[in-house]
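Okay, so here's the structure we're looking at.
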Amino acid sequence: MTNSDSNAPAELHSPLHDRHEALGAKLGDFGGWLMPIEYGGTVAEHTAVREAVGVFDVSHLGKASVVGPGAADFLNSVLTNDLGRIGPGQAQYTLLCNEAGGVVDDLIAYLNGPDDVFLIPNASNTAQVVDIVRSVAPSDITITNLHRDYAVLAVQGPNSAAVLTALNLPTELEYMSFATSQFVGAEVIVCRTGYTGEHGYELVIPAEHGVALWDALMVSGAAFGIVPCGLGARDTLRTEMGYPLHGQDLSVEISPVQARAGWAVGWSKPAFHGRDALTAEKAAGPRRSIVGLLGLERGIPRQHMNVLDNAGAVIGEVTSGTFSPTLKQGIALALINADAGITIGSEVVVDVRGRLGRYVVTTPPFVDANPR
């Protein structure tokens with residue numbers, strides 16, 4: 001596929017679209033891409049990842065390259081996390097903020113070397129991320145939008161290493177590190193990361209080889225219980241881990257300080273976008289913060305539902321909520337006002353479509369998993 005810098009169609013298809021249709025996937029829009037929500041049921045797919053192995057097509061995620069003299073140092077002056085903490089062959093979760101401290105996007109930076117960084121932003125934010133980084137880049141650094149040039153497959157679950165080993169792909173990687181390998185004559189990047197909380201890998205391969213890699217994973221994974229998984233299961237899995245979703249738990253209105261993502265900020269760095277605002281907010285204390293909510297009664301919390309204290313006053317709102325297939329309970333991430341006096345262990349109430357349900361405030365993750 002070609003570079004997607006030009007105006008993209010309103011609805012893009014993954015390189016694996018035909019495979020999803022053949023499997024009878026329920027499809028839906030994700031950041032302008034028509035992607036699988038589920039194949040045979042979100043709960044079954046979720047459980048397969050927790051107990052065996054699942055494969056997700058996440059080719060809608062953005063891809064961009066930043067290349068040129070001192071590319072890593074340049075990016076380090078823009079993104080929040082400190083690329084100086086990692087070396088070549090390692091990846092890092094980081095944020096692009098605006099000057100007010102709001103989160104334009106969260107993304108993964110793959111450090112190839114001091115002059116070469118590969119970025120994976122979110123689908124709907126890719127063009128904006130590229131435009132912002134390009135607008136402040138020195139003339140000798142080239143930023144290229146590669147959104148449609150690669151397929152990305154996430155192999156997640158306790159049996160994920162066995163599946164990749166059967167294809168002679170590298171698996172002995174430290175968490176958040178990556179290696180390049182060969183698959184049917186194409187270079188594939190294998191990174192020890194994921195969005196599920198389980199041991200897993202994300203595979204980045206040129207788009208024209210995505211179908212062949214998917215087919216091979218399904219064949220090699222058959223002996224290990226592999227299941228094709230849609231983005232519905234990806235959402236329940238990440239919510240059980242308390243991982244934020246941009247646009248809900250992080251946004252231009254929800255800063256990393258409020259989202260308890262300060263660990264992804266290099267506070268001692270001399271410069272990054274939003275540094276002054278975030279430093280001031282950290283010093284003063286955020287006016288609201290993300291917490292976890294664990295249901296004590298039946299009911300499934302959803303985004304934008306009001307959170308109330310025991311006196312009935314609105315003290316915040318749900319940012320992400322779902323039914324946990326692992327716990328068989330409703331769980332949520334919620335943005336709570338600091339002046340509400342809520343602490344870990346407090347009980348609150350969520351207005352679930354007119355029915356008031358009791359929840360206990362907790363610190364995610366909600367389940368034990370093994371991301372490393």
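Structure notes:
- Cβ-Cβ distances below 6 Å connect the following pairs, each with a first residue in region 96-108 that is within 11 Å of V78 (Cα to Cα), a second residue that is charged (D, E, K, R), and a separation of six or more residues or different chains: L96/D105.
- Among residues of region 28-47 that are more than 16 Å from T239 (Cβ to Cβ), those with a beta-carbon under 9 Å from a residue that is among the basic types (K, R) and outside any loop (DSSP other than H, G, I, E, B) at least six positions away or on a different chain give the pairs P36/K26; Y39/K26.
- When region 170-220 is filtered for residues that are more than 25 Å from R238 (Cα to Cα), among the hydroxyl-bearing types (S, T, Y) and outside any strand (DSSP E or B), only S220 remains.
- Filtered residue count, region 32-45, keeping only those that are in contact with a strand residue (DSSP E or B) (Cβ under 9 Å, 6 or more places away or on another chain) and outside any strand (DSSP E or B): 7
- Count of region 235-254 residues, restricted to those that are within 19 Å of T363 (Cβ to Cβ) and in a loop (DSSP other than H, G, I, E, B), is 7.
- Residue selected from region 243-260 under the condition of a type in the set (G, A, S) and buried (at least 22 other Cβ atoms within 10 Å of the Cβ), by the criterion farthest from the chain's Cα centre (by Cα): S255
- Extreme residue, surrounded by the most Cβ atoms within 10 Å (Cβ to Cβ), among residues of region 54-77 that are in a loop (DSSP other than H, G, I, E, B) and over 20 Å from the mean Cα position of the chain (by Cα): G68
- Which listed residue is more than 20 Å from H60 (Cβ to Cβ) and either in contact (Cβ under 8 Å) with a residue 12 or more places away in the chain or surrounded by fewer than 20 Cβ atoms within 10 Å (Cβ to Cβ) (or both), from G210, G232, G225: G225
- Filtered residue count, region 151-163, keeping only those that are more than 24 Å from D18 (Cβ to Cβ) and part of a helix (DSSP H, G or I): 3
- Output for region 86-104, where each listed residue is in a strand (DSSP E or B) and in contact with a Ser or Thr (Cβ under 8 Å, 6 or more places away or on another chain): Q90, A91, T94, L95, L96, C97, V103
- Here N76 clears all of (1) outside the structural domain of L27 (by TED's automatic domain parsing); (2) closer than 26 Å to G232 by Cβ except the condition numbered (2).
- Checked against the criteria, T326 does not count as over 30 Å from S160 (Cβ atoms), of a type in the set (S, T, N, Q) and not in a strand (DSSP E or B).
- For R50, the conditions (1) under 26 Å from A162 (Cα atoms); (2) among the charged types (D, E, K, R); (3) at pLDDT below 95 are fulfilled apart from (3).
- With respect to the conditions (1) in a loop (DSSP other than H, G, I, E, B); (2) in contact with a strand residue (DSSP E or B) (Cβ under 8 Å, 6 or more places away or on another chain); (3) of a type in the set (G, A, S), A48 falls short on a single one, namely (1).
- Each residue in region 12-31 was checked for being assigned to a helix (DSSP H, G or I), crowded, with 19+ Cβ neighbours inside 10 Å and among the small types (G, A, S), and 0 of them qualify.
- Evaluated against (1) touching a Lys or Arg at 6+ places or on another chain (Cβ under 7 Å); (2) among the hydroxyl-bearing types (S, T, Y); (3) closer than 25 Å to E99 by Cα, T279 falls short on exactly one condition, (1).
- Only residues that are in contact (Cβ under 8 Å) with a residue 60 or more places away in the chain and within 21 Å of the chain's Cα centre (by Cα) were counted across region 275-304, and they come to 3.
The values are calculated or read from the model by the stated rules, or taken from the named source; none is laboratory data. Small disclaimer: the values here were computed from a predicted structure and weren't measured. Cβ sites come from the backbone with ideal geometry, for glycine too, and all protein chains shown count toward neighbours.
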